[in-house]
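This report refers to the structure that appears directly beneath it.
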Amino acid sequence: MLRRIPIGYRFLTPLAVVFAAVFAYPFVYSLWLSLTNYTITRRNETRFVGIDQYTGLLDNDTYRQALVNTFVFVLLAVSLELLLGLALALCLQRQRWARNVTRAFLLAPMFVTPIAVGLMFRFLLNQQIGVIPEILGTFGLEIDFFGPDLALFSMVAIDVWQWTPFMVLLLLAGLESLPKQPFEAARVDGASRWLTFRSVTLPLLKPVIVVAVLLRALDAFKVFEYVFAITRGGPGTATETIQYQVYRTGIGFFRLGEAAAMAFVLVAVVLTIVVVLFRRLMREAT
Amino acid sequence: MRRLLALSVALLALALAVAGCGGGDDDSGGTATGGTPSGTVRVIMEEVPDTDIVKSLLPEFQKEFPDVDVQVEALPYDQMRDRIVSSFLASDPTYDMIVVDNPWMYDFAKGDFLLPLDDRITAAQDFDHEDFAQPLRDIAEVDGATYGVPFYNYALGLIYRKDLYAQAGLTPPTTLAELKAAAAKLNTGGRAGIAMQPQKGYKIFEEWGNYLFGAGGAIQDADNAVVLDSPEARTALQEYIDIYKASAPKNSLNWAFDESLRAVAGDKAAQMISYNWMLPTLNKADGPAGKLAGKFALAEVPGGKSILGSWSWAIPKNSASPDAAWAFIAWVTSKQHEKERVIAGGAPVRASAMSDPEVWEQGFGEDYYTTVASILEDAAPLADGPNAEEMINVVGEDLNAAVAGQESVDDAISSAASGAQETLDK
């Protein structure tokens, strides 16, 4: 039977097996879970409930709040990271001396595990023992970083601190691989710096920007560690995010069926965004 | 393309079949038999001082039971339950013995994950099960069967600075009003009157529960129905918010127990409501409090009834060596080894250890042990019944929102009460 399959496809077999085992199986299994009432502590009562778990999410206020929080977080964090990352990349591109050292320093935050970053900022921003409130205090400033108004934005700031280097890395690589001729042409034509940036650099860099934003956004949707380490979703539901809620519902409260449904709704939303973005990119490229 | 699709479907089916084959062999080791137990006992524990103390007792156990090899894996609290639950579900368990936190006990027992221990307890020689504090035994008992043996308690108490209390002419508060006054009086520029733990979820409920009891309220009645929607609960929450606003460190809305401990140990707060076993830690010469060691004392929480937490030793149903695990549990919780454990700084669970003059002398003083004993006389856990962990989180969310000013006291209490009841009924 195997003989009849073209050789090219046969070479795909190892990948297909690995793919099926590590991706397809858990994916299909959790999809199945989301259609049942599976609860770890009541496995004997497991039964098929159709889309009940999904319709149940409609009147789950906390879940809706978590969706909103997650989107606000991703939107703000990724935009800020893009702006800062682009600015830094442009500066670094022009830097003459000590390039490697600067880059190594700037990239450092990326290599710290996010849970450690969360714990670090929990104490750095602590009003009583943290160094940041201490410094602000000398200027007569006092900020309640994890109070109801600012908590989500503090999370955004932490994410920006940690992941802007990632943007810098990608954008800098993109900038350095751009062809020289268009820039020389612009200079010959007497274009100002701003005009060159807007009409030459940005359009040429666009594919890199889209990929960087996409990678970063997909990762930001997974925000969990900062919430887990610092606020546990509080004050109230101010920093409740989807991933944290999925974790609490599935692992904390044992309701794997409901947690799977929560995760699939997010997957559906994120996939839609990715597909729409890619389509637009493809259309513009052709 | 179609062939590729067919191929992937076939492979997927294969993968499913292979993965499904895992759960065959279910016959766990033999039942309690006579003779000397032997085997390896893998145990999961929390990274806390009490675990280190148990580890230090292991060589002694090994001498008595050379054929039993106890391997301790200590993890931070947040990782423990995930690991335990996966081990329950695995055909080849990761752990042969576990420690169970009180909110998990009911669900674990009802989920049929734990071995009932009644027969083993009755058969054990000189075990004297009645010697364990009553509220701790109650936690380990689900529907008339016993699934755990108390390991250590974390009932809450008021930990305060004796020197500051003396300077201000104060005595430990016995009512919420007195606590409020004491906190306000001790609140000076650099030092907060009281460090609190209003973090959303477990932490705030664990602390506020003491206020609730202090105001004369209750969480559940004798039939486990939620009775949180009461005037007492509203008073308690209002007092909590007032004290937080007037005397707790500024901007400490996300504080948990770690921050409070640091504040008190670093002379940045005069007192806190926390686990009773923090006292030996703070008073230890080489402990976190440094030069302040010895200046702390433990009192009952205002009102005298406190929130109780407790860890129990238990054996999973799928344990590979239940007999060896029981041998260790019986050994480490015996009167003699309880005494050694407590002298080394472990949190006591047996009345005999708490009233033993030898323990007083070699441990942390008569005051401490008699206070712990009286705390344990009247203490109750946050939740009793199914979905306890979730119920605690539901209530803890509303409480935290009220302190943050996002919900009124009235709304928070009624929402917490209805949420808690719904969760228990799920």
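General observations
- Residue in the stretch B:188-198 that is in the same structural domain as B:Ala325 (by TED's automatic domain parsing), touching a residue at least 24 places away in the same chain (Cβ under 8 Å), farther than 19 Å from B:Leu282 by Cβ and crowded, with 24+ Cβ neighbours inside 10 Å present: no
- Considering B:Ala325, B:Ala297, B:Ala263, the condition of being assigned to a strand (DSSP E or B), of a type in the set (Gly, Ala, Ser) and buried (at least 18 other Cβ atoms within 10 Å of the Cβ) is satisfied by B:Ala297 alone.
- Test: residue in the stretch A:6-19 that is in a loop (DSSP other than H, G, I, E, B) and either at pLDDT below 90 or within 13 Å of chain B (Cβ to nearest Cβ) (or both): yes
- So A:Phe264, is it among the aromatic types (Phe, Trp, Tyr) and on the phi > 0 side of the Ramachandran plot: no
- Matching residues in the stretch B:341-396 - criterion: being of a type in the set (A, V, I, L, M, F, W, C), in a helix (DSSP H, G or I) and closer than 28 Å to B:Lys55 by Cβ: B:Val342, B:Ile343, B:Ala351, B:Ala353, B:Met354, B:Val359, B:Trp360, B:Val372, B:Ala373, B:Ile375, B:Leu376
- Residue within the stretch B:264-281 that is assigned by TED's automatic domain parsing to the domain that holds B:Pro173, among the acidic types (Asp, Glu) and closer than 24 Å to A:Ala229 by Cβ present: no
- Where helices (runs of 4 or more DSSP H) sit wholly within the stretch B:75-185, those with at least 2 residues that are under 15 Å from the mean Cα position of the chain (by Cα) and away from chain A (no Cβ under 14 Å) occupy B:134-139.
- Among the residues making up the stretch A:191-246, those that are closer than 13 Å to A:Thr70 by Cα, of a type in the set (Val, Ile, Thr) and within 14 Å of chain B (Cβ to nearest Cβ) are A:Val227, A:Thr237, A:Thr239, A:Thr241, A:Val246.
- Within this structure, B:Ile392 passes the test of being closer than 30 Å to A:Asp144 by Cβ and of a type in the set (Val, Ile, Thr).
- Residues satisfying the stated conditions in the stretch A:25-40, i.e. aliphatic (A, V, I, L, M) and modelled with pLDDT of 90 or more: A:Val28, A:Leu31, A:Leu33, A:Leu35
- Qualifying residue in the stretch B:339-352 (condition: crowded, with 18+ Cβ neighbours inside 10 Å, within 14 Å of chain A (Cβ to nearest Cβ) and under 21 Å from the mean Cα position of the chain (by Cα)): no
- The stretch B:383-421: number of residues that are away from chain A (no Cβ under 12 Å), acidic (Asp, Glu) and farther than 20 Å from B:Glu239 by Cβ: 1
- Residue check, B:Arg42 within 30 Å of A:Phe228 (Cα to Cα) and crowded, with 17+ Cβ neighbours inside 10 Å: yes
- Check on B:Gly290, surrounded by fewer than 19 Cβ atoms within 10 Å (Cβ to Cβ), more than 14 Å from chain A (Cβ to nearest Cβ) and under 22 Å from the mean Cα position of the chain (by Cα): no
Yes/no matrix, rows are residues, columns are (1) in contact (Cβ under 8 Å) with a residue 60 or more places away in the chain; (2) under 15 Å from B:Ala225 (Cβ atoms):
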| site | (1), (2) |
| --- | --- |
| B:Asn387 | yes, yes |
| B:Glu390 | no, no |
| B:Val395 | yes, yes |
| B:Gly419 | no, yes |
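The values are calculated or read from the model by the stated rules, or taken from the named source; none is laboratory data. Not measured: the values here are computed from a predicted model. As a convention, Cβ positions derive from the backbone with ideal geometry for all residues, glycine included, and neighbour counts pool all protein chains shown.
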